[in-house]
Amino acid sequence: MNKPGIPYLTAFAINLFIIRYFYGRGADKTGNGVAMISFLFLLAIFIFKLQPL
């Protein structure tokens, strides 16, 4: 693969579907927690792995 970020973005998209599921079931706090953890992991991967040094 020429684009190393594609698997990470795919995993993030799957997490977005999980977040929609929890919001649809009325579990807002769980959905917020999953969203926060997903965003933090995406940010950490972007900073440490995808940025050229």
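Each helix, a run of at least 4 DSSP H residues, gives -39500 (n - 2.57); summed and divided by the residues of the chain, these come to -23500 deg cm²/dmol at 222 nm. Note on Leu16 and Phe41: their simple-model spin labels are 1.6 nm apart, each label 7 Å out from Cα toward Cβ. D by Stokes-Einstein for the chain, Kirkwood Rh over Cα pairs, 37 °C, 0.692 mPa s: 274 µm²/s. So, with a 1.4 angstrom probe, what is the percent of accessible area on the chain that is carbon and sulfur? With neighbouring chains kept in place, the figure for the chain is 71 percent. Rounded to the nearest 10 degrees, the angle from helix 28-45 to the longest Cα principal axis of the chain is 0 degrees.
Among residues other than Phe22 whose Cβ falls under 12 Å from its Cβ, what is the net charge (Lys/Arg +1, Asp/Glu -1)? Display every interim value, and only then the final one.
Values: positive: Arg20, Arg25, Lys29; negative: Asp28.
Value of the local net charge: +2.
The values are calculated or read from the model by the stated rules, or taken from the named source; none is laboratory data. Only a predicted model underlies this, so the values are computations on that prediction, with no experimental measurement involved. Cβ sites come from the backbone with ideal geometry, for glycine too, and all protein chains shown count toward neighbours. Ligands, DNA and RNA are excluded from the accessible area calculation, which covers all protein heavy atoms including side chains. Shrake-Rupley method; radii C 1.70, N 1.55, O 1.52, S 1.80 Å.
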